[in-house]
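Quick notes on the structure that follows.
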Amino acid sequence: MNTDQTTSPSPGQAGEPTRWWQDAVIYQIYPRSFADSNGDGVGDLPGITARLGHLAQLGVDAVWLSPFYPSPQADAGYDVANYRDVDPLFGRLEDADKLIAEARSLGLRVIVDLVPNHTSSAHRWFAEALADAPGGPARQRYVFRDGKGTDGDEPPNTWQSVFGGPAWTRVTEPDGRPGQWYLHLFDVEQPDLNWDNPQVREEFLDVLRFWLDRGVDGFRVDVAHGLVKQADLADWDYPQEMLGGDEIDKPRPPMWDQDGVHEIYRSWRRLLDGYSGDRILVAEAWVEPAERLARYVRPDEMHQAFNFEYLLASWTAPAQYAVVTRSLEAADAVGAPTTWVLSNHDVVRHASRLALPIGTPRPNGIGAADPQPDAALGLRRARAATLLMLSLPGSAYLYQGEELGLPEHTTLPDEARQDPTWERSGHRERGRDGCRVPVPWEADAPSYGFGPTDASWLPQPSIWAEYALDRQRGVPTSTYEMYRAALRMRREFGLGGGTLEWLPAPDDVLSFRNGPVGVLTNFGAEPAELPVGAQPLHTSGPLSDDNRVPTDVTVWYRA
Ligand code: GLC
């Protein structure tokens, strides 16, 4: 890919990182699918603690745990009924303490998930709101409104839920009559909180203190762009998309990315800064363009924000060049390091996503009747994408199982699906279950070593044995060993804290240098040449005999 900036450093990475998170590799654990200690088919905290050694060996710096709090599990735990405890499904509060202590002893930091946009409808506050009169103090913690129409039987506005269907549900008043409506941008069982209410603000400061006092190193903030709504709750007639999809040519949505959210994060930042040990806030904010996202990581706000524009970028040299450049520039403008991410619990795993025809819009799940991604092509591109990502300056997020090259489960029986998206979209969107299937650890054990029994809350595909960790450990060409070596070298060469310099290359090749390491990814059909005398350090796939780089391969070489 020919670039204007052949030798000038890209902005964004001046100076050595001084804080652990600036170049950290952070591994997302989805507790229900990581490791099950008691054989009930759902992963749990003791299961995670017992497997933390795997992550230390892999070479990551920190783990982020998706929610494990008491919850009816209407949205796999993103519907929190009590922010200060552990759901019995996952263990007890002592198990969280043990996990944090064990992680610390292995040199791993721990980030927990915080879900401030909504509670579960099983939260005590919501029960109080339902029992209260319209306009009463308990109602004011949520977003209750009278309906439109003569009998108030039409929703207060036209907003849709991210999971499908209207974003409002009507309640029955304590006297038995049909009453007000409450807002839920997600599931019916996830009522949105009213962040104009000082009690809500106070409560979350206290929840932060609760977990900070228990020793966590930070928080991943769920739906960080959603807390504050435009005051007039103006109609919005565009469909909601779960993730991304907020195209720049639409008017700005009245429910996302309102300027008022930033004051909340400033107050949280002040709280965190009062604690020792460099604790962090990470925004899950599906906000475009990159400049708007960068506002979440201004010096007095959050530390990091997920770079979803990167995750969504097409697998072409120009698209990857553009997104890397834009991300570095936007972060540099506010003096923050960039983050990179390819997979998480909300998107089709990149080992399957990247096999879809280039330009396919991001699918919300893949079903058995859909065209099936080519697993070999997907894995090849996923490995190349990962090696490219791990060579970039900044912090990188990995999602459990990607180090095994796990694909999406694309033939999950529809009756096994649990993501509320499937029902709420009227079976139009399959949703996110396919990336949430329990992890295979041992090829020949029940549930592939996920737990001591065959039980698994989502069925594991029969091909899981070939991806199991014990089949890959010690096998130099395996995806697991590719990740491990990449993480070791990333640390050794200081890539996370390095500086990116683009190098001239053909149109379908991306080529740059990060300190002592040259990086080349070939997106084209023809093999690409390495610079004369380049000594490969690491590759995502074999090079040709004459040291050329085949299609969909990334190489790190000594520059
Ligand atoms: C975030 C989570 C997602 C959840 C939603 C509602 O996007 O990542 O899993 O469904 O928020 O809490």
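None of the figures in this text is laboratory data; all of them are computed from the coordinates on show. Everything numeric in this text was worked out from a predicted model, so none of it was measured. Cβ sites come from the backbone with ideal geometry, for glycine too, and all protein chains shown count toward neighbours.
The separation of segment 515-544 from segment 288-346, counted between C-alpha centres, amounts to 25 Å.
Kindly provide the Kirkwood hydrodynamic radius of segment 359-467 in Å, to one decimal, from all pairs of distinct alpha carbon atoms.
For segment 359-467, the Kirkwood estimate is 15.4 Å.
Structural descriptor for segment 104-216: relative contact order 26 percent, calculated from alpha carbon pairs under 8 angstrom and at least 6 residues apart.
Here the label points at V532 and D414, each 7 Å from Cα along the C-beta direction, are separated by 6.2 nm in the simple model. Shown for the chain are the DSSP H helices of 15 Å or more along their axis, judged by Cα atoms, with a mean Kyte-Doolittle hydropathy of at least 0.5: 45-58, 375-390. Among K229, K250, K148, the ranking by other beta carbons within 10 Å of each residue's beta carbon, starting with the fewest, stands as K250, K148, K229.
When both segment 434-498 and segment 173-228 are represented by their alpha-carbon centers, they are found 35 Å apart.
For the chain, the mean projected area of the C-alpha convex hull, equal to one quarter of the hull surface, is 24.8 nm². Across segment 146-158, rounded Karplus estimates of 3J(HN,Hα) from the backbone phi angles (6.51 cos²θ - 1.76 cosθ + 1.60, θ = phi - 60°) give 5, x, 8, x, 4, 9, x, 9, 10, x, x, 8, 8 Hz, Gly and Pro being marked x.
When the alpha carbon gyration tensor of segment 128-201 is reduced to an equivalent ellipsoid, its three semi-axes come out at 18, 17, 10 angstrom, largest first.
Look at the alpha carbon pairs under 8 Å that are at least 6 residues apart: their mean separation over the length of the chain gives a relative contact order of 17 percent. Note: relative contact order over segment 386-471, using C-alpha pairs below 8 Å and six or more positions apart, is 25 percent.
Near the amide H of G524, within less than 5 Å, lie the amide hydrogens of D552, all on another chain or at least 5 residues away, with H placed in the peptide plane.
Whole-Å semi-axes of segment 473-552's equivalent ellipsoid, largest first, each the root of 5 times a Cα gyration tensor eigenvalue? Walk me through the numbers on the way to the answer.
Details: eigenvalues 85, 65, 22 Å².
Here the semi-axes work out to 21, 18, 10 Å.
Put simply, the C-alpha atoms of segment 71-196 give a gyration tensor, and the ellipsoid matching it has half-axes of 35, 15, 11 Å, longest first. Straight-line cross-link partners of K148 among the lysines, defined as a Cα under 21 Å from its Cα and at least 8 positions apart when in the same chain: K229. Once the Kirkwood radius over Cα pairs is known for segment 427-485, the Stokes-Einstein relation at 4 °C and 1.567 mPa s delivers a diffusion coefficient of 103 µm²/s. When the Cα positions of A224, Y182, T172 are compared along the charge dipole of the chain, A224 comes out farthest toward the positive end, with charges on each C-beta of Lys, Arg, Asp and Glu.
Based only on other Cβ atoms within 10 Å, what is the fewest-to-most ordering of L312, L99?
Final ranking by Cβ density, sparse to dense: L312, L99.
For segment 226-346, the Stokes-Einstein estimate of translational diffusion at 20 °C and a viscosity of 1.002 mPa s comes to 138 µm²/s, using the Kirkwood hydrodynamic radius over alpha-carbon pairs. For the chain, give me the percentage of DSSP beta bridges that are antiparallel, rounded to the nearest 5 percent. Bridges in the chain that DSSP calls antiparallel: roughly 55 percent.
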